[in-house]
Each structure stands twice: as structure tokens, then as C-alpha cells.
1. How high is the FRET efficiency between residue 286 and residue 64 when r is their beta carbon distance and R₀ equals 41 Å, given to the nearest 0.05?
2. So which residue, out of 237, 211, 119, gets the largest mean-square fluctuation from a GNM of the chain using Cα contacts under 10 Å as springs?
3. Once you place label points 7 Å from the Cα toward the Cβ at residue 99 and residue 228, how far apart are they in nm?
4. Answer rounded, prolate or oblate for the chain, using the Cα gyration tensor with square roots of eigenvalues a ≥ b ≥ c: rounded when a/c is under 1.5, else prolate when a/b is larger than b/c, else oblate.
5. Taking the DSSP beta bridges in the chain as the whole, what percent of them are antiparallel, to the nearest 5?
6. With r as the distance between the Cβ atoms of residue 187 and residue 301 and R0 = 35 Å, compute the FRET efficiency 1/(1 + (r/R0)^6) and round to 0.05.
7. For the chain, find the longest principal axis of its Cα atoms and tell me its angle to the long axis of helix 146-158, 0 to 90°, nearest 10.
8. Using a Förster radius of 51 Å, what is the FRET efficiency between residue 36 and residue 125 based on their Cβ-Cβ separation? Nearest 0.05, please.
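Values in this text are rule-based calculations from the coordinates and carry no lab data. Everything numeric in this text was worked out from a predicted model, so none of it was measured. Glycine gets a Cβ as well: all are built from the backbone with ideal geometry, and neighbour counts include every protein chain shown.
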Ligand SMILES: Nc1ncnc2c1ncn2[C@@H]1O[C@H](COP(=O)(O)OP(=O)(O)OP(=O)(O)O)[C@@H](O)[C@H]1O
Ligand SMILES: [Mg+2]
């Protein structure tokens, strides 16, 4: 039995009055999403802003209803068997939500109480320790920095030792140290058998951690494969250089540009020559030319650059 099973999940948000006036009947945030996550997987759900990742996770967590389709967690339907499904899940939400009246330890005890767990202090201490929160146990939630609040959200999600851990952009706005602490801890839980579902915009994290990846674009799954397969199918090499000039249009479409750094996919030596010739013809001055292996971000950009799918639901 899969740990998580999404079956034809579709979600349409109703149009606002203004959108209706413009002829839109609503926004299809998810369109027939179907895939399974097996027990023990470290699974990545990737996609640009607005692709539908959080919508899918809200439906998984039973916080939002699908327009059609169904979701099961360890065999329990998230709507029909809400309580059993919810108990199997530990969800770290994308938004920082917390109760300002309690300290860290109290909020973790209260969360344990929701799941009917008493005397959970040994595990709570381990969570605080593993997430670098031990010295903040008695601090009020209001007194914590953003990154620390995020650590508490992770601890809250794990108080009931759920077999499936769902992390919605857990490292957004988080410093290097917490990222490393968090990944060390989550990887340990995964080794011990927990299933992990992760969304992130840090593709190097996904590449390093996830054994399998689904890519969402405008509510549709456009790629679903082992991470190694996704990397293998991509252009094998990337030409990288620095320039101050503007790229010719023919190159700009396929380039990944970060400030002065330009990166272009190249399958073979012939393509490298062609790219360099195009750069020379455009009269660009380039420095620090080098080649590197393609990574997940290259695959992602390549896939997302594909055909647009309509988001608006026709009336
Ligand atoms: N409550 C809502 N009502 C109407 N539209 C919504 C609602 N929540 C999300 N949407 C829309 O659904 C689409 C998917 O949003 P969602 O939050 O699932 O994206 P995401 O992949 O999590 O993006 P991000 O990477 O920015 O977190 C977006 O177009 C968004 O505007
Ligand atoms: Mg989101």
C-alpha cells in the first residue's frame, strides 16, 4: 500500500466577482493530479509559484476539499477517514502560524494533546534538541525570530511521530545552519522509515535529498521520475560564462541568467561551438568561460519553458 495516493485530484477555485465580470468561471489550481508516494520515499514536489503545490498539500491534510478526485494516506481517505489519515501525517505549513500566548514547550504539549498523547516530554525534548531549540523551550512564541518559529512548526508537526512528514517550503528564509540541522534530522527520520514529501524552490536541496520528483506546472504533473532519471534525460552539459552585454534573442530564450552569469545547455561539443560563435557574433565580451554538468535546476527550467497550459476554466 502506498504511503500517499493522489487519484485524479482536481481543484477549481471559484472566480471572484471581478473575475466573473471578466468572463472567468474560476481558476483550475489542480488538474487530474495522479501519483503515489511509496512508504520510505523522500519525494520532491516542485513547481513555480502558483503551480498548485500548497493546494495539493492542503487537500492531503484535509484542510481543503478537492473539486473531484481523492487522496489516501496509508489507505485512509483524507475526507471519509479524516481522523485516521490526519494522525498519519505531520504537516509543516508554508505560512508561519502560531499561538502567541504560549511558550515553545507549552505549544508542543498542547499539540500532543490534540492527538491524545500525554507524557510526551521525552520526545518533545528530543525534538527541541534536534532542531536547535533547547535553549528556547521556555521562550514565548512572540519572542522568537522567523527562523526559530519555523523550527517550532517543524517540531509541532512531529510531536505525534507521524509516519508521513510533509514539508511545504521548510527552508524559505531560513539560514544555512538551520537548513543543515533540519536536513540532518529529516534525513535521519527518513532512514528510520518515515516517508517525506517536500516542496522547495531550492533545487539543489531537492536534487540532494529526493529519490523521486514530481514537477507541477499550472496544476498539472508534467514530469514524474527518479531524480537520477530526470538528470540523465537533460542536456548533459552547461556552458557558463560572465558578460555585461545583452544576449541575442536566440540565446536568451534558453539561458539561465543570474546577474552577470549566463548558463546555456549544450548536449555536445558541436553545440558548445555554436553557442560560442553566436556570442562572438553578437559582439559580447565574455569572461570565466567554463563547462559543468547539468543539474536539477537546468532540468526544471527546460521543462517549465515548454508549452503553456490554460489556467482559466472556460464557461
Ligand atoms: N484560497 C484560494 N482562492 C483562490 N485561489 C487560490 C486560493 N489558494 C490558492 N489559489 C490559487 O491557486 C493557484 C495555486 O496556488 P498554490 O498556493 O497551491 O501554489 P504553490 O505551488 O504552493 O505556489 P508557491 O510556490 O508560491 O507557494 C494560484 O494561482 C493561486 O493564486
Ligand atoms: Mg505554496
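1. Details: r = 49 Å, r/R0 = 1.19.
The pair residue 286/residue 64 has a calculated efficiency of 0.25.
2. Highest fluctuation among the options: 119.
3. Label at residue 99, label at residue 228, 4.6 nm between them.
4. Here the chain falls in the prolate category.
5. In the chain, approximately 70 percent of DSSP beta bridges are antiparallel ones.
6. Details: r = 27 Å, r/R0 = 0.76.
Here the calculated transfer efficiency is 0.85.
7. 60
8. 0.90
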